[in-house]
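Just below is one structure, and these are the notes that go with it.
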Amino acid sequence: MQGWIKLHRDVLNWEWLSEPKTFSFFIYCLIKASHKDFEYRGKQIPKGGFWFGLKVASVETGLSIQSIRTCIKRLKSTNEITVKVSTQGSVITINNWNKYQGKDCVITNEQQTSNKRSTTYKNVKNVKNVKNNNTLVDSNESTLEQNNLPLDNDSISRKNSNTQKQLQEKQLMQDIVEAWNVIAPQFDFAKVKILSDKRAKKLKVAIKQIPDLMDWKRLIFIIPQNPWNRGENDNGWTANFDWLIEKERYVKNLESFYADDSIQESFNSQLEKLK
């Protein structure tokens with residue numbers, strides 16, 4: 001991701017400044033948040049929001065999952081953020097995004113000499129002109145040129161979008177593995193300990209056809225319903241994760257799920273165990 005966020009000196013008076021983990025996590029949220037509304041998997045994500053996963057956030061921030069949960073609880077308690085959870089994932093939204101990063105909110109550095117330019121800190125886009133010594137200076141363009149960064153806002157938006165999609169894909173893959181590992185011990189299936197490059201490549205192909213996490217949970221649920229998959233066959237073979245993500249097999253198994261009303265009813269009754 002490229003661009004800037006604005007950080008006002010009033011943050012020195014913020015109640016969470018003295019809590020380093022909470023403070024750093026909030027800065028992380030500001031950096032991750034989108035500067036415009038967008039849609040993902042049929043859901044509208046507002047400006048100031050972003051898709052969120054505990055494991056990805058833990059890797060990116062260096063904070064433990066428990067610490068992140070504590071940070072979220074604190075920030076929610078003071079109405080800094082809103083968290084919405086669905087079967088597809090979680091969305092964190094900065095409640096006062098326009099106040100912190102809105103285009104009408106400009107923060108400038110005070111300079112000691114009158115002939116120095118004031119620098120306007122912007123969030124990715126929003127170019128504003130700064131008047132200094134009777135000359136209009138495009139502050140964002142000047143700063144971008146100095147840092148050899150592209151001036152094309154569309155290009156920046158596409159890069160941000162691609163990065164977010166990659167993180168969402170990674171989170172979905174981790175969630176699928178976790179769903180498998182929940183059921184595996186109950187039927188003596190082998191748990192996934194390592195998501196190897198080969199497995200990840202197959203899973204990426206699979207989630208393009210089945211992009212919904214809940215459908216993957218349905219798919220995983222139906223596997224042990226067939227005695228053959230549980231080892232009741234001539235050679236004692238049992239299903240495993242690699243077999244699950246073989247091309248076309250997941251589609252056929254998912255179709256079997258939707259074709260059996262009793263399986264669907266059983267799944268719905270045990271849904272909490274898969275969450």
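The values are calculated or read from the model by the stated rules, or taken from the named source; none is laboratory data. Bear in mind that the values here come from a model prediction, so they are computed numbers and not experimental data. FYI the Cβ positions are ideal-geometry reconstructions off the backbone, even for glycines, and counts take in every protein chain you see.
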Q: Assess whether VAL192 counts as being in contact (Cβ under 8 Å) with a residue 40 or more places away in the chain, among the hydrophobic types (A, V, I, L, M, F, W, C) and in a loop (DSSP other than H, G, I, E, B).
A: yes
**Q.** Given (1) surrounded by 12 or more Cβ atoms within 10 Å (Cβ to Cβ); (2) modelled with pLDDT under 80; (3) among the small types (Gly, Ala, Ser); (4) more than 23 Å from LEU213 (Cα to Cα), index of the condition SER114 fails
**A.** (1)
Q: Output yes when any residue across the stretch 48-55 is surrounded by 12 or more Cβ atoms within 10 Å (Cβ to Cβ), modelled with pLDDT under 90 and in a helix (DSSP H, G or I), and no when none is.
A: yes
Q | Enumeration of residues in the stretch 1-60 that are within 15 Å of GLU80 (Cα to Cα) and of a type in the set (Val, Ile, Thr) | A | VAL11, THR22, ILE27, ILE31
Q: Would you mind stating whether THR82 is assigned to a strand (DSSP E or B) and either in contact (Cβ under 8 Å) with a residue 40 or more places away in the chain or more than 16 Å from GLN164 (Cβ to Cβ) (or both)?
A: yes
Q) Can you find even one residue in the stretch 13-21 that is in the same structural domain as GLY89 (by TED's automatic domain parsing), touching a Leu at 6+ places or on another chain (Cβ under 9 Å), surrounded by 15 or more Cβ atoms within 10 Å (Cβ to Cβ) and closer than 18 Å to THR93 by Cβ? A) yes
Q: Kindly indicate whether any position in the stretch 208-216 is exposed (fewer than 12 other Cβ atoms within 10 Å of the Cβ), free of Cβ contacts under 8 Å to residues at least 24 places away in the same chain and farther than 18 Å from GLN166 by Cβ.
A: no
(Q) So for the stretch 176-188 (the condition being part of a loop (DSSP other than H, G, I, E, B) and over 15 Å from GLU246 (Cβ atoms)), does at least one residue qualify? (A) yes
Q. With respect to LEU63, is the statement that it is closer than 19 Å to LYS170 by Cα and assigned to a loop (DSSP other than H, G, I, E, B) true?
A. yes
